[in-house]
1. For the range 183-200, indicate whether the set of residues that are in contact (Cβ under 8 Å) with a residue 40 or more places away in the chain, within 30 Å of residue 272 (Cα to Cα), β-branched (Val, Ile, Thr) and out of contact with any Lys or Arg (no Cβ under 9 Å at 6 or more places or on another chain) is non-empty.
2. Take residue 374 and decide whether it is in the same structural domain as residue 187 (by TED's automatic domain parsing), closer than 30 Å to residue 182 by Cα and touching a Phe, Trp or Tyr at 6+ places or on another chain (Cβ under 9 Å).
3. Hey, among 218, 244, 286, which residue is at pLDDT 90 or above, surrounded by fewer than 15 Cβ atoms within 10 Å (Cβ to Cβ), on the phi < 0 side of the Ramachandran plot and of a type in the set (S, T, N, Q)?
4. I'd like to check something: does the range 294-306 contain any residue that is assigned to a helix (DSSP H, G or I) and touching a residue at least 60 places away in the same chain (Cβ under 8 Å)?
5. Pull out all pairs, ordered by first then second residue, where Cβ-Cβ is under 7 Å, the residues are six or more apart or on different chains, the first lies in the range 270-283 and is in contact (Cβ under 8 Å) with a residue 60 or more places away in the chain and assigned to a helix (DSSP H, G or I), and the second is among the basic types (Lys, Arg) and surrounded by 24 or more Cβ atoms within 10 Å (Cβ to Cβ).
6. Can you give me the number of residues within the range 34-70 that are at pLDDT 75 or above and part of a helix (DSSP H, G or I)?
Amino acid sequence: MAQFTYQIRDSRGMTGSGTLIAADLSEASSLLRSEGNIIIDLREHDESTVLAGTSRTKKAHANHDEVIFFANQLAVMVDTGVPLPDALDCIAEQVDSDGFRVVVTDLAEQVKGGVDFSSALNRYPKIFGKLFVAMIKASEASGTMGKMLQEVAEYLHRQREIRRRVKGAAAYPIAMLGFCVVVVIAMLVFILPKFENIYAGKSAVLPAPTKFLLALSSGLVEHWAYILLGASAVIAACYVYFQSPDGKVTLDKIRINMPVLGSMFRLSALARSLRTFSTMISSGVSVLDAMTITSEVSGNVFYARIWTGLGERITEGAGLAEEMTKYHLIPRSVTQMIAAGEKTGKLAPVLKRLAAFCEKDLETSIKTTTSFIEPVMIVVMGGIVGGVALALLLPIFSISKVVAG
C-alpha cells in the first residue's frame, strides 16, 4: 500500500485536497472518482517524489513553436483514435527540447493517473496559457478534443505571425535609428578630432554648427566614461520603470498614440482580442470566461480594461454591442457588425469574420507603415549624417577667411 496526495473538485464545484492510502495510482483514482469527484492532481506521496516533481517543474520550458507542434500532433493522433496517454508518450519521444520533453512526459503521467487533461495542462500556465486550458476543458465536456486542439494550433499560429509582423515593422525604424546613432558617434569620436587639429586657433571664424560639433566631439572623447555610465543608468531606469504596472500603462499608451505606428498597434490589439474572443465563444466557453481570458491576452492594458469593463456590464444584463460603442478604441464598424450578430443569434460566426477582417487590415497597415517609414528614415539619416558632414566642410568653403584669421 502507498500514500497518495490529491486535489479534487466535487460535484458542487468546490475544490479540496488531502491524502489517501491505496495499492497503486489506478486504485487511488478509482476511489476518488467513485465519490463523484473530478481529479485535479494525484500523485504518490514520498520525499523523493516531491523533490523530483519540484525539479521537473523548474526544468520545464517551451517556446511557441513547440506548443504549436504539440497541439497539431496531438490533434492528429486524437482524431485518428489514438488514446490520449499513448499520444502524449509518442509526442514525448519526438520532442527535441529537454525542457518540453519534461512537460509532455509529466502530462502523460498525470493523465495515466486519472487527472483531467485540462487540469494537467493548468500546471504549466506560462507554457500553455489560460486560453489553451479553457478550450481543452470545454472539449472534455463536449467530446471534441481533436477539433479543439486543431483550433488551438491555428489560433497560436495566427498570433505568432501577427506578433512577428508587428515586431518586424516596429524593429525596422529602431534598427535604422540605432545605425544612424552609431554612425554619428563614430564620426564624432574618430573623424572630428582630426578636423579639430586642422581648425585649431581659428575658432573665431568657424561657423556655429562647426563649433558645436567640435565641442561635442571633445566632450565625448574626454568624458566618454561618464557619458556611458549616465546612458546605462538612464536605460536601466527606463527598463525598470516600464516593467512596473505604471510603466506598462505608459508604454501601452505611447504605443497606441504614436503618429505612424499607433494605428498598427491598435489594430494588433483589436485583432488579437477579437480572434481570442471568437475562438473561445465558438468553442463553447461561456461569454464571461471568454471575456476574462481575452482581457488577459489582448496585449495592451487599455484593451484589457475594455474587455474587463464589458464583462462587468454584461453581468449586469447590458448588451455587448451597446457597451462597445462607449469605447473609442473599438471602431464603429466593429460594433455595428457585432450588433447584427447579436440580433440574428449568430455572434460567433460574425466575430470570426470580424477577426479575419481585422487581421487582413493589420497586414495592410503593416505594409503601409513599413513602406512609409523606409523613405522617412532614409531622409532622417541622410539629414543627420549630411548635416554633420556639411558642418565639417563649411569652413573649407570659406577657406580664405579661415587662413586670414
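The values are calculated or read from the model by the stated rules, or taken from the named source; none is laboratory data. Remember, it's a predicted structure, so these values are computed and weren't measured experimentally. Reconstructed Cβ throughout: ideal geometry from the backbone, glycine too, with neighbour counts over all protein chains shown.
1. No, the conditions are met nowhere in the range 183-200.
2. On the way: in the same structural domain as residue 187 (by TED's automatic domain parsing): yes; closer than 30 Å to residue 182 by Cα: yes; touching a Phe, Trp or Tyr at 6+ places or on another chain (Cβ under 9 Å): yes.
Taking the combined requirement at face value, the residue satisfies it.
3. Working: 218 fails: at pLDDT 90 or above; 286 fails: at pLDDT 90 or above.
Only one candidate qualifies: 244.
4. Here is the first cut: in the range 294-306, the ones assigned to a helix (DSSP H, G or I) are 294-297, 301-306.
Restricting the remaining residues to those that are touching a residue at least 60 places away in the same chain (Cβ under 8 Å) gives 296-297.
Looking for residues that are assigned to a helix (DSSP H, G or I) and touching a residue at least 60 places away in the same chain (Cβ under 8 Å), one finds at least one in the range 294-306, hence yes.
5. Going by the 7 Å Cβ cut-off, there are no qualifying pairs.
6. Count: 8.
So that you can scan it fast, the table gives a plain yes or no per residue for (1) assigned to a helix (DSSP H, G or I); (2) exposed (fewer than 15 other Cβ atoms within 10 Å of the Cβ); (3) at pLDDT below 80:
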| residue | (1), (2), (3) |
| --- | --- |
| 160 | yes, no, no |
| 173 | yes, no, yes |
| 182 | yes, yes, no |
| 195 | yes, no, yes |
| 201 | no, yes, yes |
| 206 | no, no, yes |
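Each row is one residue, and each column tells you yes or no for (1) out of contact with any strand residue (DSSP E or B) (no Cβ under 9 Å at 6 or more places or on another chain); (2) modelled with pLDDT of 85 or more; (3) under 28 Å from residue 169 (Cα atoms); (4) in the same structural domain as residue 261 (by TED's automatic domain parsing).
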position	(1), (2), (3), (4)
325	yes, yes, no, yes
352	yes, yes, yes, yes
384	yes, no, yes, yes
390	yes, no, no, yes
